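Structure record follows, encoded as structure tokens.
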Amino acid sequence: MRMDESGRSGLSQIAMMPIHFLMGVLDAPLRWLQRATGINGMAAFFLLPNMMIFGVFVLLPFFINFAYSMTGGTALFLPDRSFVGADQYARLFDCGSYIDPGSCAEDTFWTAVRNTGWFVVLQVTLMILVSLVTALILNRELMARSFWRAVFFFPVLLSPVVVGLIWKWILQRQGLLNFGLYSLGFDPHVWLNDRNWSFAATIGVSIWAHMGFYTLILLAGLQAIPKDLYEAAEMDGTRPARAFWRITLPLLMPNLLVVVVLVLIRAVQIFDEVYVLTGGGPGTSTLYLTQYIYETGFAAQLRNPGLAAAASILMGAVLVVLTLLQLGLGRSEKKGGRK
Amino acid sequence: MSRIVRFLTRRRGGKGWHWTDIVTWTWLVGGLLIMFGPAVWLVGSSFKSPAALAEFPPTILPYVTQKVTVEGYDKPLDLYEATLEDGSTVVLAEVRRIGVMSQMVDPAKPGEIIKVNIAKRTPVREMSFATENYTEPFTHFDFVRYLWNSVFVTVTATLITLVVNSMAAFALSKYEFRGRTVAMLLILATLMVPLSVIMVPLYSIVSALGLFNSLWGVILPTVATPTGVFILRQYMLTIPDELVDAARMDKASEWQIYWRIILPLTAPALAVLAIFSVVWRWNDFLWPLIVLSRKELYTLQVGLSIYSGELNVQWHFILAMTVVTMIPVVLVFIFLQRFITTGIAGTGLK
């Protein structure tokens, strides 16, 4: 042990003593176990805690979700519930016209589907545009690049509840936005009481909160593009715009596609920050799918776990397709890299 | 002065300003304002008194009306600068207000009431930080409880995550056994099963296990994160198998190999996972919201969302509590930002 570190490691050794002791005590029975199972048998022991937790809290719920979606009533536990077959699905799809949620038996579900659809289309498009532009700008020769990168990354770590509250405070009647408009001579507006503005706010706020993450992935992709390609293009007299379309975009495409799918998967599940910011309102203007499932399953007066399970399976199907798309893209990206 | 300007506007390569430079700097400075502005505004607002928060237009810094204790009156009175009928301005204290007329007294001569139209008086204000926004929630609300619950959930879940995931990663990286690929695929497949899809059955399982309204019900379902297994396994694959073989020659048990050799060597990856796990668990919202229905069990995030959803939102407390909730994450951001950004750029995981 080096002298200059002895003080610190002495302290940490004392702190680690109970843990070392615990691990030492565990060693004796585990040696016995090892003698019984053999060395490779110990692999099962190491895997066991993780697999048990996976099994109980992920796999089991995943499978019994299907069973739930085929039962009715308000009882919580599966044995107490009555089998209704595909009734829950039938109820979800019982519509006069799928374009008009008002004509459906479960009109809030279709409102949520429609809202989520619009949200996904607009949020994903804008998110990709904003992240891409930011990544391109951060990829230029910049003073203090890591500082600027950190600036855009900052909100990513904030909790969705904090994000929701920050913006609720800014968009409220006496908020910063109205203050700004007032100083410029415009009339204040209660943004979150307005159906369209509060829908726009959920899009804007979710982009604000997450764009830094996607910018980071895109920036990593941009920095992996060899600089000599651009030098060669410059020597050939290629205009920068053409270099962007012919070099940057094609070479960034694998990263860009992965980001698109990631944004899509997250957008479909949007809940936390919206729930705090608007609570789904005003009315049902910002009611998205996850909130519908949450409220149908837990919060509503007459909760209906079967219906919530059926809706969540439909959402899950969409997510599985998107994830498979992502895995497929990841594979083709690797193949592309080997070329 | 002009040299400074020239230095600040100097471009790399000595060329002049191109339109793309203007776009770049507009975007960056705009980004700085939009990204940090809202959070700074929140912190600033959290030091304002309820009266100052209700004001429109708001002030940038927290101001309150000065008060003065006048002989003959129990409560301290608000101070105003009033314009009298003869055109002179004096500083008076307001006793009461009737309609548009305000009854005021001169603090020096408390006997005599002076009537002033409310349009002709402006409050005397001073800057003051309402630190009671921070101190009162600790006594009035169960704020300390929420804080403690959040810390407990975050620390416990992170410790369990590290142990359970490193054990699994050890098994998946250093052993050859049948079903290894299946186990690996199974773990990765769970990435496809987000909470929002399985919350109904998960809730029933957690209830059946007696974990409803228990912090353990919040902790346990989150600890076997596929991302964690993945990060740790990738790292352990780089540790040479010879080390493990040599230890076996020396009669070390498998448990000792895991504990004495593999874990210390995996420290960097464990640190990354620990940082991620702390941020994830601290920020978790939907699942705690479902599992915890008793007030004294709320985590900070749940408590904040419930209080901010009430009809009469006590914004001065909410804002201060939000700032406290932000602190750990902001600390992580300041000290470990580089760690996280390179981690994300390297693995594409969050």
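The values are calculated or read from the model by the stated rules, or taken from the named source; none is laboratory data. Predicted model, so just to flag it, every value in this text is computed and none were measured. Neighbour counts run over all protein chains shown; Cβ positions are idealised from the backbone, glycine included.
On the basis of being of a type in the set (A, V, I, L, M, F, W, C), at pLDDT 75 or above, in a helix (DSSP H, G or I) and under 30 Å from B:PHE317 (Cβ atoms), does B:LEU28 make the cut? Judged against the criteria, B:LEU28 is not a match. Of all residues in region A:162-177, those being modelled with pLDDT of 90 or more and small (Gly, Ala, Ser) number 1. Hey, does region A:101-123 have a residue that's in contact with a helix residue (DSSP H, G or I) (Cβ under 8 Å, 6 or more places away or on another chain), under 20 Å from A:GLY280 (Cβ atoms), buried (at least 20 other Cβ atoms within 10 Å of the Cβ) and charged (D, E, K, R)? The answer is yes; a qualifying residue exists.
Residue by residue, here is whether (1) in the same structural domain as A:LEU319 (by TED's automatic domain parsing); (2) within 30 Å of B:GLN301 (Cα to Cα) holds:
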position	(1), (2)
A:ILE64	no, yes
A:PRO101	yes, no
A:ARG114	yes, yes
A:TRP118	yes, yes
A:ARG140	yes, no
A:PHE152	yes, yes
A:LEU158	yes, yes
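For A:PHE45, all conditions in the list (1) facing chain B (nearest Cβ under 7 Å); (2) more than 21 Å from A:ARG303 (Cβ to Cβ); (3) surrounded by fewer than 19 Cβ atoms within 10 Å (Cβ to Cβ) hold save one; what is the number of the exception? Of the numbered conditions (1) facing chain B (nearest Cβ under 7 Å); (2) more than 21 Å from A:ARG303 (Cβ to Cβ); (3) surrounded by fewer than 19 Cβ atoms within 10 Å (Cβ to Cβ), the odd one out for A:PHE45 is (1). The residue of region B:280-306 that is farthest from the other protein chains (Cβ to nearest Cβ), among those that are within 22 Å of B:PRO328 (Cα to Cα) and hydroxyl-bearing (Ser, Thr, Tyr), is B:TYR298. Return the residue satisfying two criteria in turn: it lies in region A:186-196 and is part of a helix (DSSP H, G or I) and in contact (Cβ under 8 Å) with a residue 24 or more places away in the chain, and of such residues it is farthest from B:GLU310 (Cα to Cα). The qualifying residue farthest from B:GLU310 (Cα to Cα) is A:ASN196. Quick one: would you say A:ILE217 is within 12 Å of chain B (Cβ to nearest Cβ) and at pLDDT below 90? In short, yes.
Of the numbered criteria (1) at pLDDT 75 or above; (2) assigned to a loop (DSSP other than H, G, I, E, B); (3) loosely packed, with under 15 Cβ neighbours inside 10 Å, the one B:PHE47 fails is (3).
Are any of the residues in region B:30-38 in contact (Cβ under 8 Å) with a residue 24 or more places away in the chain and either crowded, with 17+ Cβ neighbours inside 10 Å or farther than 30 Å from A:THR134 by Cβ (or both)?
Taking every residue of region B:30-38 in turn, none turns out to be in contact (Cβ under 8 Å) with a residue 24 or more places away in the chain and either crowded, with 17+ Cβ neighbours inside 10 Å or farther than 30 Å from A:THR134 by Cβ (or both).
Could you check, for region A:228-244, whether at least one of its residues is closer than 30 Å to B:LEU191 by Cα and assigned by TED's automatic domain parsing to the domain that holds A:ARG145? No: region A:228-244 contains no residue that is closer than 30 Å to B:LEU191 by Cα and assigned by TED's automatic domain parsing to the domain that holds A:ARG145. Beta carbons closer than 7 Å, at least 6 apart along the sequence or on distinct chains, never pair a first residue in region B:141-157 that is more than 16 Å from B:VAL223 (Cβ to Cβ) and crowded, with 18+ Cβ neighbours inside 10 Å with a second that is acidic (Asp, Glu) and modelled with pLDDT of 95 or more. The single condition among (1) surrounded by fewer than 16 Cβ atoms within 10 Å (Cβ to Cβ); (2) at pLDDT below 90 that A:CYS95 does not satisfy is (1). Kindly check whether there is at least one residue in region B:129-146 that is within 14 Å of chain A (Cβ to nearest Cβ), more than 30 Å from B:VAL70 (Cβ to Cβ) and out of contact with any strand residue (DSSP E or B) (no Cβ under 7 Å at 6 or more places or on another chain). Yes.
Restricting attention to region A:278-334, the residues being in a helix (DSSP H, G or I) and either within 10 Å of chain B (Cβ to nearest Cβ) or of a type in the set (Val, Ile, Thr) (or both) number 32. Of all residues in region B:173-186, exactly one satisfies the criterion of being within 7 Å of chain A (Cβ to nearest Cβ), crowded, with 17+ Cβ neighbours inside 10 Å and of a type in the set (A, V, I, L, M, F, W, C), namely B:ALA183.
What is the residue count in region A:111-140 for residues that are under 29 Å from A:GLY297 (Cα atoms) and in contact (Cβ under 8 Å) with a residue 40 or more places away in the chain? Adding up the residues that qualify gives 11. The set of residues in region B:194-229 that are more than 20 Å from A:VAL268 (Cβ to Cβ), in a helix (DSSP H, G or I) and within 27 Å of the chain's Cα centre (by Cα) comprises B:TYR203, B:LEU215, B:TRP216, B:GLY217, B:VAL218, B:ILE219, B:LEU220, B:PRO221, B:THR222, B:GLY228, B:VAL229. Filtering region B:204-222 to residues that are within 18 Å of B:VAL302 (Cα to Cα), more than 7 Å from chain A (Cβ to nearest Cβ) and touching a residue at least 60 places away in the same chain (Cβ under 8 Å) leaves B:LEU211, B:PHE212, B:ASN213, B:SER214, B:LEU215, B:GLY217, B:VAL218, B:ILE219, B:THR222.
From the list B:ARG248, B:ARG233, the lone residue that is at pLDDT 85 or above, basic (Lys, Arg) and farther than 16 Å from B:ALA168 by Cα is B:ARG248. The residue of region A:29-42 that is nearest to B:VAL244 (Cα to Cα), among those that are at the interface with another protein chain (Cβ under 9 Å from one of its Cβ atoms) and among the aliphatic types (A, V, I, L, M), is A:ILE39.
Of everything in region A:197-244 that is aliphatic (A, V, I, L, M) and not in a helix (DSSP H, G or I), the residue that is farthest from A:ASP272 (Cα to Cα) is A:ILE225. Inspection of region B:331-342 finds a residue satisfying the criterion of being modelled with pLDDT of 85 or more and assigned to a helix (DSSP H, G or I). The one condition from (1) within 19 Å of B:LEU32 (Cβ to Cβ); (2) touching a residue at least 12 places away in the same chain (Cβ under 8 Å) that A:MET143 does not meet is (2). Going by the structure shown, is B:ALA247 of a type in the set (Gly, Ala, Ser), touching a helix residue (DSSP H, G or I) at 6+ places or on another chain (Cβ under 9 Å) and part of a helix (DSSP H, G or I)? So B:ALA247 fits the description; yes.
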